[in-house]
Amino acid sequence: MQPFQNFTGVVAPLDRANVDTDAIIPKQFLKSIKRSGFGPYLFDELRYLDHGEPDMDCSNRPLNSNFVLNDSRFSSAQILLARENFGCGSSREHAPWALADFGFRVILAPSFADIFFNNCFKNGILPIQLKSDLINALFEKASGATPLQIAVDLPAQLLTLNDGETIPFTVDAGNKQRLIEGLDDIGLTLQQADAIREYEARRRIEAPWVFYTV
Amino acid sequence: MGTKTLYDKLWNTHVVRVDDTGTALLYIDRQLVHEVTSPQAFEGLRLAGRQPWRTSANLAVPDHNVPTASAERAAGITDPVARIQVAALGTNCASFGITEFAMGDPRQGIVHVIGPEQGFTLPGSTIVCGDSHTSTHGAFGALAFGIGTSEVEHVLATQCLIQRPSKTMLISVDGELGAGVTAKDIVLAIIGAIGTAGGTGYVIEFGGEAIRALSIEGRMTVCNMTIEAGARAGLIAVDEKTIEYMRGRPYAPSGELFEQAAAYWRTLVSDDDATFDRVLHLDAASIQPQVTWGTSPEMVLPIDGQVPDPAAESDPVKADSIRRALAYMGLTAGQPITEIAVDKVFIGSCTNSRIEDLRAAAAVANGRKVSKNIKLALVVPGSGLVKEQAEAEGLDRIFTAAGFEWREPGCSMCLAMNADRLEAGERCASTSNRNFEGRQGQGGRTHLVSPAMAVAAAVTGHFVDVRTL
């Protein structure tokens, strides 16, 4: 995973609650056995007026002009502003893959669904939970004539808006470290291989049925 | 007298170590694998030159993409992209030594049906799968939750996950359910009460007389939809029903080892003095058959309800959600649920495709006919073994005589990755778990109900209280 670096990006406001991972990336794209190439199909049913299929060339598809990512002001947005319970439903990691492939690196919402939230950190996306009134204020600013830009400083856990306002945020210490250093979780866990083997040896005595094989 | 919740016991038993940030390395006893969320995980192992930590901890099955029409199953999957994905599961399992129940195997079925059916799901274990409905297995007093593909790879490679403990919630469903009210109605009513984000950050334990009275299969239906309330996992304490369900299953221990396991499993209850971060009580007798009307499982009403009016909602975000849902669903505020006509009926999914679900559906279908305005009524059993059992009981003949199609096992129209789907504007009474926009096909309109209520809608052509048939 690439280390997460501080950046300044445009905010795209997606003003609907309970956006589920089926909406983020519809089921037909889950048939891919690859990890990349999902960006053009991000929010496919909201973004296009026709029915999308895997490997379709999206450059000539009819666009839903009412959808935020089809507004030229937001087409290179790197920060997604969302409502309650963002990423609910299916555990599909294709959702953060599609968001990252499109270019999103930060998602701001009053709440996130649990599995999606975890999946983001595995893919270099920083999900930030902010209080509802702050999110409401950001929606107002992001929906103005000039796009809202935010500078994201992960080590300092601080957002700086282009009008000078600053918003501190919290992030789990372990997740923060892994994002900043771009660490490979599996490699880190395998450094604990001896502890895992000791645990297993103990469990084989305490609960041998767990290791019973047909 | 202890003070530990069931969750505390499961968590404590599986912590390998805790680091200085408070993050735990949690040991995972079992992983279920399916074709959609695993190929990138296997590819990751391959690229890094890694092997599975403990191959026998994994059991794989194709379910999301498989056709349910027997002709297509015999001829091979028509959709080339789906065919490649199902084939990739076979290749990956063969090369890494993981047991797979492939499409022709009678044990093939929906991953959350076959785990318990085979006794692969053990009480007291930690179980994961790259699928959010892994919460199903919590019905056995197991800590079971869905994970993403990166974590699937992490578990394959290390048999562990990096986790932080969740908060605990007890939902006690007190008293007795009314006749004709099912586990599905309980869980829909709970989601309606706490909302789709009501469980976020929590593991929910379900208790109370009404939960204790449920069969193991009913408990699976309740735990299955815990994810629809946003919780990490659902849990139900072990009792003698759990132990008896496990006895004689192929992957469960046998003989002396079974008795030794059972003695431990009986300790898997929350202690009398345990405290939960949140406790909720629900009166079982007040629960009516439920029908969702909108595009989120929390948009649910009792069968005698009326579709809500956004003008009556003070929260602007919620009012907007209601307005959007009404437009998508083609409904008007104030419309009685019983006046909503349906086009298709789907009985199946990891929520409601087990033998008891099919028996409940067949009991209503018996001697009745699917209404003329229904374009398609499907029954998709959860596994090949459920299908065999249903056929041995003659349930298939009841369904086909009534005008239902009797299919091969798989996820089918729950998420419409295969050919079973809704066309734009079509309305479905579905026993599945999600009514999101486009879930059963782009533009499709899903109403979630119990198996008995789905059949009631099939035979009358609209939603109706099954108790009045």
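A compact table of results
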{"read-out": "Amide H within-cut-off set for B:Thr292, under 5 Å, with H built and near neighbours excluded", "value": "B:Leu301, B:Leu448"}
{"read-out": "Residues B:Glu408, A:Glu53, sorted so that the one with the fewest Cβ neighbours within 10 Å comes first", "value": "A:Glu53, B:Glu408"}
{"read-out": "Helical contribution to [θ] at 222 nm, DSSP H n ≥ 4, -39,500 (n - 2.57), averaged over the protein assembly as shown, rounded to 500", "value": "-9000 deg cm²/dmol"}
{"read-out": "Shielding of A:191-201 by partner chains, average beta-carbon count, 10 Å", "value": "4"}
{"read-out": "Rounded if a/c under 1.5, otherwise prolate or oblate - region B:50-170, Cα gyration tensor axes", "value": "prolate"}
{"read-out": "Most fluctuating residue given options A:Leu190, A:Leu42, A:Leu148, as computed from a GNM of chain A linking Cα atoms under 10 Å", "value": "A:Leu190"}
{"read-out": "Beta bridges per DSSP with both ends in region B:163-316, % antiparallel, nearest 5", "value": "15"}
{"read-out": "Listed pairs A:Lys31/B:Lys167; B:Lys241/B:Lys387; A:Lys27/B:Lys372; A:Lys34/A:Lys141; A:Lys34/A:Lys131; A:Lys31/A:Lys131 exceeding 26 Å between Cα atoms", "value": "A:Lys31/B:Lys167; A:Lys27/B:Lys372; A:Lys34/A:Lys141; A:Lys34/A:Lys131; A:Lys31/A:Lys131"}
{"read-out": "Tensor-based shape of the protein assembly as shown (alpha-carbon gyration tensor, a/c under 1.5 rounded, otherwise prolate or oblate)", "value": "rounded"}
{"read-out": "10 Å Cβ neighbours from other chains, averaged over peptide B:29-40", "value": "3"}
{"read-out": "For region A:7-211: rounded, prolate or oblate by the Cα gyration tensor [a/c cutoff 1.5]", "value": "oblate"}
{"read-out": "Per-residue average of Cβ from other chains inside 10 Å of A:63-71", "value": "0"}
{"read-out": "Protection proxy ranking of B:235-243, B:113-121 - average other beta-carbon atoms within 10 Å, highest first", "value": "B:113-121, B:235-243"}
{"read-out": "Of all DSSP beta bridges in the protein assembly as shown, antiparallel share, percent nearest 5", "value": "30"}
{"read-out": "Peptide ranges B:362-371, B:212-221 listed from the most packed, as the mean C-beta count within 10 angstrom indicates", "value": "B:212-221, B:362-371"}
{"read-out": "Max mean-square fluctuation residue, GNM over chain A, Cα-Cα springs under 10 Å, options A:Pro62, A:Pro147, A:Pro13", "value": "A:Pro62"}
{"read-out": "Residues A:Asp194, B:Asp277, B:Asp131, sorted so that the one with the fewest Cβ neighbours within 10 Å comes first", "value": "A:Asp194, B:Asp277, B:Asp131"}
{"read-out": "Taking A:Val10, B:Val279 and counting other C-beta atoms within 10 Å, the order from fewest to most", "value": "B:Val279, A:Val10"}
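Rule-based calculations on the coordinates, nothing more; no lab input. These numbers come from a predicted model, not from an experiment. As a convention, Cβ positions derive from the backbone with ideal geometry for all residues, glycine included, and neighbour counts pool all protein chains shown.
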